[in-house]
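Read through the structure below, which is laid out as structure tokens, and then see the notes.
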């Protein structure tokens, strides 16, 4: 009971953009796990992470087209990511910034494992996944979504 009252009270006190990074992070984990499940037994399943207008869009696609789309508020959310660079959330040279022109795309194989991917504007895209992938929100390690090579998405600092 105290938890419910506290959650309601805090939600009324804090601005909505305080929650947007948390909501975006948790939505991404949910959509990534859905993409992994959809990939099992199928080829050509991909997860696209792309800011569009005032929304951050998470889109699952397969050989037939768009399977699932989730939009979340982009206010106070700056996504950046990379494949096989799990040690830090630092954006290097702008190649890791996820934007309308350069979405992050992760491809799954028929076992639900990550096959390849990265930010489309980065050199060498798509890069084979060997140690995993990471998407950071606001360059904050606590707001990271990590993807293991097996395709499993989880919140927090990535384990290399």
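Taken together, the values in this text are just the output of simple stated rules run on the coordinates, not laboratory data. All of these numbers come straight from a predicted model, not from anything done at the bench. When we count neighbours, we look across all protein chains shown, and the Cβ atoms used for this are built from the backbone with ideal geometry, even at glycine.
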Go ahead and estimate [θ] at 222 nm for the chain from helices alone: -39,500 (n - 2.57) per DSSP H run with n ≥ 4, summed, over the residue count, rounded to 500.
-6500 deg cm²/dmol
Measure nothing fancy, just the Cα-based angle from helix 20-39's long axis to the longest principal axis of the chain, in degrees from 0 to 90, nearest 10.
30
Under a GNM of the chain (C-alpha, springs under 10 Å), which listed residue has the highest mean-square fluctuation: 121, 81, 132?
121
Once label points are set 7 Å from the Cα along Cα→Cβ at both residue 159 and residue 125, what is their separation, rounded to one decimal in nm?
3.0
Which parts of the stretch 57-74 would a label at residue 37 reach, counting a residue when its backbone N lies under 17 Å from a point 7 Å out along Cα-to-Cβ?
59-62, 67-70
Cut-off 10 angstrom, C-alpha nodes, Gaussian network model of the chain. Which of 36, 57, 27 fluctuates the most?
27
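Where does each of 60, 52 land when they are ranked from fewest to most other beta-carbon atoms within 10 angstrom? Walk me through the numbers on the way to the answer.
Working: 60 22, 52 13.
Lowest to highest Cβ neighbour count: 52, 60.
List 136, 146 from most exposed to least, where exposure is judged by having the fewest other Cβ atoms within 10 Å. Working shown, then result.
Values: 136 25, 146 22.
The most exposed by this proxy come first: 146, 136.
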For the stretch 60-121, what class follows from the C-alpha gyration tensor (a ≥ b ≥ c being the square roots of its eigenvalues): rounded when a/c is under 1.5, otherwise prolate if a/b is larger than b/c, else oblate?
oblate
With a 10 Å Cβ neighbour count serving as the proxy for reagent exposure, in which order, fewest first, do 147, 125, 58 appear?
125, 58, 147
Angle between the Cα long axis of helix 2-13 and the longest principal axis of the chain, 0 to 90 degrees, nearest 10?
90
For the chain, state what percent of all Cα-Cα pairs lands in each successive 10 Å bin, counting from 0 Å until the bin that includes the largest distance.
12, 41, 33, 11, 4, 0
